Amino acid sequence: MSNYEHYQSTVEQVYRAIMRKVTKPWHIEYLPSMENSQQALRLVSPKGTICQRLTLPTSSAQQCWPNQSDVSQQITEFVVRGAARLAPLRQSAFRNNFPYWLENCIQQLHSLCDVKEKLLDVVSNVRFPYPSQVNIEGNFLPCWVWNEDQGYMAVSVVDRRTGRFSGLRHVESGQLIEQERWLGAQVIDSVEESIDTIDHYVNELIQSQKKVDFDEPTLADAISNPCAATLSPVASVALTLAVVAGFFITFKWLLGF
């Protein structure tokens, strides 16, 4: 089996394994309306994990993503398909891109099309998306390939250092590196390693979304349970002064002054 065939086999097995975990549809939640007729929304799993974040013109959001409706299965498959194609690659640019893929990849598609029917057509094409490299002014840069139209490929370059998506651009198909040759030269992780990679970044995503509120304890909390309470510096100084003053007052009273 060639390295390219190993990659394709790994991707297929990883995709099936992850899709078995996605048993219920995501749903759409709107955030409070923004200025300039913009609507922020998110695609949320049944467990409450935010799986994608989008900010769109209000009319486009309402047409493509009605509030509180279920997310199409094709959208979920698109996100998982991309993650499965990303996971076996060890290049730092694509590893750095993983968090942005898990939360922002659908936002990129809205630069390509803003009509629901066209959007579903794009995500239903199982040939896409896929990670690659594109020749921009003589430099091969990491990118995602989203779609092909009349010999032109829609791509988003990935920043090597941060992993962020750049703006979508259309390039001639000849500007993309030959995929079989490129993947044949890559170090490809195993199925188990790739699944572990996805689980790692998903867990990071879940942890980043958890809100932990630490309320400032009162002086009474600090006195009754000093080990569990954490006071601000000002409150700590005040408590220390109060304890010292109380000690001297008690000491003077015992001595009869």
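The values are calculated or read from the model by the stated rules, or taken from the named source; none is laboratory data. Only a predicted model underlies this, so the values are computations on that prediction, with no experimental measurement involved. Please note: Cβ atoms are built from the backbone with ideal geometry, for glycine as well, and neighbour counts cover all protein chains shown. What goes into the accessible areas is simple: the full protein's heavy atoms, side chains included, and nothing from ligands, DNA or RNA. Shrake-Rupley method; radii C 1.70, N 1.55, O 1.52, S 1.80 Å.
Quick notes
- Evaluation of GLN62 against (1) open to solvent by 10 Å² or more (accessible area, probe 1.4 Å); (2) assigned to a helix (DSSP H, G or I); (3) among the polar types (S, T, N, Q); (4) touching a residue at least 40 places away in the same chain (Cβ under 8 Å) (one fails), failing number: (4)
- Residue among THR76, THR23, THR49 that alone is β-branched (Val, Ile, Thr), under 28 Å from VAL11 (Cβ atoms) and modelled with pLDDT under 95: THR23
- For the range 114-168, the set of residues classified as within 18 Å of the chain's Cα centre (by Cα) and among the small types (Gly, Ala, Ser) consists of SER156, GLY163, SER166, GLY167, listed by residue number.
- Some residue of the range 32-46 being open to solvent by 20 Å² or more (accessible area, probe 1.4 Å), without any contact (Cβ under 8 Å) to a residue 24 or more places away in the chain and under 18 Å from GLU204 (Cβ atoms): yes
- Residues that are open to solvent by 20 Å² or more (accessible area, probe 1.4 Å), farther than 21 Å from TYR201 by Cβ and in a strand (DSSP E or B), drawn from the range 47-59: THR55, PRO57
- Residues (basic (Lys, Arg) and touching a Pro at 6+ places or on another chain (Cβ under 6 Å)) located in the range 1-40: LYS24
- Any hit, the range 110-120, residues being of a type in the set (A, V, I, L, M, F, W, C), open to solvent by 70 Å² or more (accessible area, probe 1.4 Å) and at pLDDT below 95: yes
- Scanning the range 19-46 for residues that are out of contact with any helix residue (DSSP H, G or I) (no Cβ under 8 Å at 6 or more places or on another chain), of a type in the set (A, V, I, L, M) and part of a strand (DSSP E or B) yields ILE28, ALA40, VAL44.
- Cβ-Cβ distances below 9 Å connect the following pairs, each with a first residue in the range 104-121 that is assigned to a helix (DSSP H, G or I), a second residue that is among the basic types (Lys, Arg), and a separation of six or more residues or different chains: ASN104/ARG53; ASN104/ARG164; ILE106/ARG53; GLN107/ARG53.
- Criterion: of a type in the set (Lys, Arg) and over 20 Å from ARG160 (Cα atoms) - qualifying residue of ARG85, ARG127, ARG90, ARG95: ARG127
- In the range 136-210, counting only strands (runs of 3 or more DSSP E) that sit wholly within it, the ones holding 3 or more residues that are surrounded by fewer than 18 Cβ atoms within 10 Å (Cβ to Cβ) span 139-149, 165-172.
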